[in-house]
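As structure tokens, the structure follows; a few thoughts come after it.
The values are calculated or read from the model by the stated rules, or taken from the named source; none is laboratory data. Keep in mind that what you see is a predicted model, and the values were worked out from it rather than measured. Heads up, the Cβs are rebuilt from the backbone with ideal geometry, glycines too, and the neighbour counts pull from every protein chain shown. Accessible surface is based on the protein model in full, side chains and every heavy atom, while ligands, DNA and RNA are left aside. Shrake-Rupley method; radii C 1.70, N 1.55, O 1.52, S 1.80 Å.
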Amino acid sequence: MTYLQAQDRQDRTPRELIIRSLAGDLGAFRILMETHKDFAYGIAYRLLHDREDADDVVQEAFIRVWNNLARFRD
């Protein structure tokens, strides 16, 4: 692994992505969402048994995450 690959991995840890998102980096928040959306959808679908409802719940959850990023405790 090269130094740049290692740095890229470090820059994509959830902690680093949250810190970057707090600084206004929407791309970092997008990566955070993309990384966790399938997991969140899987939970929502298992609970709701409806694809559209699961999509809505996941969308609402990520909106709440965005709105509450400032509460993140390292």
Within the accessible area of the chain, what % is carbon and sulfur when the probe is 1.4 Å and the other protein chains stay in place?
52
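Would you work out the relative contact order for segment 15-58, in percent, from Cα pairs under 8 angstrom that are 6 or more residues apart? Please list the in-between numbers first.
On the way: 25 pairs, mean separation 11.4, N = 44.
Value for segment 15-58: 26 percent.
Restricting attention to segment 10-74, which trypsin sites (Lys or Arg not before Pro) occupy a DSSP loop and are surrounded by at most 13 other Cβ atoms within 10 Å?
Numbers: sites: 12, 15, 20, 30, 37, 46, 51, 64, 71, 73; in loops: 12, 73.
Here the trypsin sites (Lys or Arg not before Pro) that fit, given the DSSP loop and packing criteria, are 73.
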Would you calculate the separation in nanometres between label points at residue 12 and residue 59, each defined as 7 Å from the Cα along the Cα-to-beta-carbon direction?
2.7
Local electrostatic count, residue 53, Cβ distance below 15 Å [Lys/Arg +1, Asp/Glu -1]:
-3
